[in-house]
Amino acid sequence: MRILLIEDEPEMASVLKTALERQDIIVDHAATLAEAMARLGYHDAVVLDRRLPDGDGLTLIPRLRALHLDVPVIALTALSVLDDRVAGLDAGADDYMVKPFATVELVARLNALHRRSFTTRANQTVVGRLTYDFRHREALVEDQALELPRRQRLVLETLIHRPGRTIMRSTLEEAVYALDDEIGSNALDAHISRLRRKLDDVAAGIEIRAIRNLGYLLRAAS
Ligand code: CA
């Protein structure tokens with residue numbers, strides 16, 4: 001899961017980021033509404049503080065909808081008054097948390113939203129003979145789980161999320177490396193070639209094509 005965290009207090013942002021990353025959640029952080037707009041991309045959820053230096057966080061929600069970004073939003077606020085909660089839900093937030101809250105609860109709610117979005121959308125994608133289960137984060141070939149090291153699985157998951165489309169190199173690198181270490185210039189290509197070999201070994205019927213200067217594309221092998 002990848003989320004956009006919009007929170008201006010540096011300490012709060014860093015505590016949340018660390019706690020979420022420990023749960024394998026990739027966190028993009030923005031400190032203002034303007035920064036959030038600049039960082040919009042593929043996210044499974046948005047965690048949105050209400051009081052931001054350039055305005056009420058809730059004003060972001062109509063802007064997301066105008067861009068057809070149908071991403072679930074959890075609003076955060078320091079205020080516990082009922083009016084505030086109602087305003088949040090009226091503005092289109094999917095869930096609401098009052099500060100201070102336990103980070104485990106935020107993780108639980110993110111997971112719940114994620115599950116809900118996958119039961120309303122497809123939670124599996126089939127390409128060639130391979131089924132990718134986004135909910136259990138598992139690749140299956142003829143009902144047999146394909147064992148993949150974490151980075152190869154993240155590469156596969158990112159590509160198979162949009163089969164037949166070019167996924168930018170930077171998107172793949174972020175998906176694989178946001179959690180920790182620095183990126184070696186050929187590391188992504190090395191993971192891709194190992195993944196290709198694994199897929200070929202089990203005759204998954206999948207082709208991963210390099211798109212020059214852009215990235216990679218996954219599709220059923222012809
Ligand atoms: Ca704030």
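The values are calculated or read from the model by the stated rules, or taken from the named source; none is laboratory data. The structure displayed is predicted, hence computed values, not measured ones. As a convention, Cβ positions derive from the backbone with ideal geometry for all residues, glycine included, and neighbour counts pool all protein chains shown. Only protein heavy atoms, including side chains, enter the accessible area calculation; ligands, DNA and RNA are left aside. Shrake-Rupley method; radii C 1.70, N 1.55, O 1.52, S 1.80 Å.
Distance from the C-alpha centroid of the range 131-163 to that of the range 86-112: 29 Å, rounded to the whole angstrom. The distance from the alpha carbon centre of the range 1-66 to that of the range 191-208 is 35 Å, rounded to a whole number. Shown for the chain: the carbon plus sulfur share of the solvent-accessible area, taken with all protein chains present and a 1.4 angstrom probe, equals 50%.
Taking every DSSP beta bridge with both residues inside the range 1-63, roughly what % is antiparallel (nearest 5)?
On the way: 2 of 11 bridges.
Restricted to the range 1-63, the bridges split so that about 20 percent are antiparallel.
Please give the contour-minus-distance gain from Arg116 to Leu89: 0.36 nm per residue of separation, less the Cα-Cα distance, rounded to one decimal in nm. Fully extending the segment from Arg116 to Leu89 adds 8.0 nm. Among residues other than Thr166 with Cβ under 15 Å from its Cβ, the summed charge is +4 (Lys and Arg +1, Asp and Glu -1).
Based on the mean of other Cβ atoms within 10 Å per residue, sort peptides 3-9, 61-67 so the most packed one is first.
The peptides rank, most packed first, as 3-9, 61-67.
Put a dot 7 Å past the Cα of Asn213, heading toward its Cβ, do the same for Ser193, and the two dots end up 2.3 nm apart.
Projecting the Cα atoms of Ala66, Met12, Ala87 onto the dipole axis of the range 2-116, where Lys and Arg carry +1 and Asp and Glu carry -1 at the beta carbon, places Ala66 farthest toward the positive end. Taking amide H atoms as placed 1.01 Å from N in the peptide plane, the amide H of His29 lies under 5 Å from those of Leu5, each 5 or more residues away in sequence or on another chain. Sorting 210-220, 48-58 by their mean Cβ neighbour count within 10 Å, with the most densely packed peptide first, gives 48-58, 210-220. The charge dipole of the chain, taken about its Cα centre with unit charges on the Cβ atoms of Lys, Arg (+1), Asp and Glu (-1) only, comes to about 900 debye.
Each peptide in 195-201, 26-32 gets a packing score, the mean of other Cβ atoms within 10 Å over its residues, and the list from highest to lowest is 26-32, 195-201.
Distance between the 7 Å Cα→Cβ label points at His161 and Glu138: 2.1 nm.
Taking every protein chain into account, the accessible area of the range 124-220 amounts to 54 square angstrom per residue (probe 1.4 Å). In order along the range 206-222, the phi-based Karplus estimate (6.51 cos²θ - 1.76 cosθ + 1.60, θ = phi - 60°) of 3J(HN,Hα) comes to 10, 10, 10, 9, 7, 9, 3, 6, 10, x, 9, 9, 10, 7, 5, 5, 8 Hz; Gly and Pro are listed as x. Here the Karplus curve 6.51 cos²θ - 1.76 cosθ + 1.60, taken at θ = phi - 60°, turns the phi angles of the range 2-14 into couplings of 10, 10, 10, 9, 10, 8, 8, 7, x, 5, 4, 4, 6 Hz, with x standing for Gly and Pro. Residue separation of Gln23 and Gln124 scaled by 0.36 nm, minus their Cα-Cα distance, works out to 34.2 nm of gained length.
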